[in-house]
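Right, one structure below, let's go through it.
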Amino acid sequence: MLWNDHIQITICFFLTVPGVVGNILIFVRYVYNILMGTKKKSIDLILMHLAVSNILMICSTIIREKAIIVYFKISLGEVGCKVVVFLGRMTRGLSICTTCLLSMVQAVTINPRVTLWRKLKPQTAGQVLPYLLLFWMLNSLISSNLLCYITFSRSMNRSVADKQSGSCVMLPSRQVVKWLFLSLMALRDVIFQSLMGWSSVSMALHLYKHHKRVLYLHSSKCVNNSSPEIRATQSTLILMAMFLFFYLVDFSFSFFIGYTVTQDSTTFIMKGFLELGYAILSSFVLLSKDVLVSKY
């Protein structure tokens, strides 16, 4: 293998292992909450779903990388290519929708005066399931074109190792189909990110007002910033900022790559980190705010 391939393999495992382990810890933590807790909280199921979405997104993205396929001589085949690429695209959408739902639920929780959104807030874990089912149906529909246009290809001009493994390529589609699905993706992203932005600003303003009231009533030494509500809101705000940062930078970087058509090891490292950065780091943000887990 070339030196660049070794670098890419190392980066793949460096991104995959911490991200998968962190999200598994989050999943196990909130499964324990639901099984052992007396009250099944809606936010626990949302965080479990976010962890599962992140795990699937990380694994599907890494598996389809050329360096991994060539090194391990993986032959995904026609069905494997469709499933892996479809899961990568769909779970990215699930991550967007689930993060938005988490932000909205947390915003309404700390500011129940918003009566319009309070009526839509899921009160129990069971009431979250229709939202999650809707997200799966919506993102499956938006990503369904990949099941038709992704195929498995072996080029005779490639190396021996590459011939054995092959790769997944996307066939050209009609312009109407192409722009239809691009428009659906863009509309989904605009709607859910707008809701994220509104809820994040709402939480930030509410926390600021609450902090000013506490400072007015007590001295700064008496301010308690370690309550569960404050920790949950802080972690949600950090997640929102992280998500918007990675999304906007990844979008700009992808546009730059498409315009300049540059593909080297440095580009691969940056692109991989931007694609998976939120899925990897979000679990550690949640773990750092969880007092029970942080003790261990």
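At-a-glance table
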quantity: Flag if A186 is surrounded by fewer than 13 Cβ atoms within 10 Å (Cβ to Cβ), assigned to a helix (DSSP H, G or I) and at pLDDT 75 or above; calculated: yes
quantity: Any hit, segment 80-88, residues being in contact with an Asp or Glu (Cβ under 6 Å, 6 or more places away or on another chain), part of a helix (DSSP H, G or I) and at pLDDT below 85; calculated: no
quantity: Check on F246, buried (at least 16 other Cβ atoms within 10 Å of the Cβ), at pLDDT below 75 and either more than 22 Å from the chain's Cα centre (by Cα) or in a helix (DSSP H, G or I) (or both); calculated: no
quantity: Residue that is modelled with the lowest pLDDT, among those in segment 122-135 that are crowded, with 17+ Cβ neighbours inside 10 Å and not hydroxyl-bearing (S, T, Y); calculated: A125
quantity: Filter result for V21 (surrounded by fewer than 19 Cβ atoms within 10 Å (Cβ to Cβ) and either modelled with pLDDT of 85 or more or assigned to a loop (DSSP other than H, G, I, E, B) (or both)); calculated: yes
quantity: Test: residue in segment 228-240 that is closer than 25 Å to I280 by Cα, at pLDDT 85 or above and either small (G, A, S) or in contact with a Gly (Cβ under 7 Å, 6 or more places away or on another chain) (or both); calculated: no
quantity: Some residue of segment 258-279 being in a helix (DSSP H, G or I), modelled with pLDDT of 70 or more, surrounded by fewer than 19 Cβ atoms within 10 Å (Cβ to Cβ) and β-branched (V, I, T); calculated: no
quantity: Test set (1) at pLDDT below 85; (2) surrounded by fewer than 21 Cβ atoms within 10 Å (Cβ to Cβ); (3) small (G, A, S) - A67 fails condition number; calculated: (2)
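The values are calculated or read from the model by the stated rules, or taken from the named source; none is laboratory data. Not measured: the values here are computed from a predicted model. In this analysis, Cβ positions are derived from the backbone assuming ideal geometry, glycine residues included, and neighbour counts consider all displayed protein chains.
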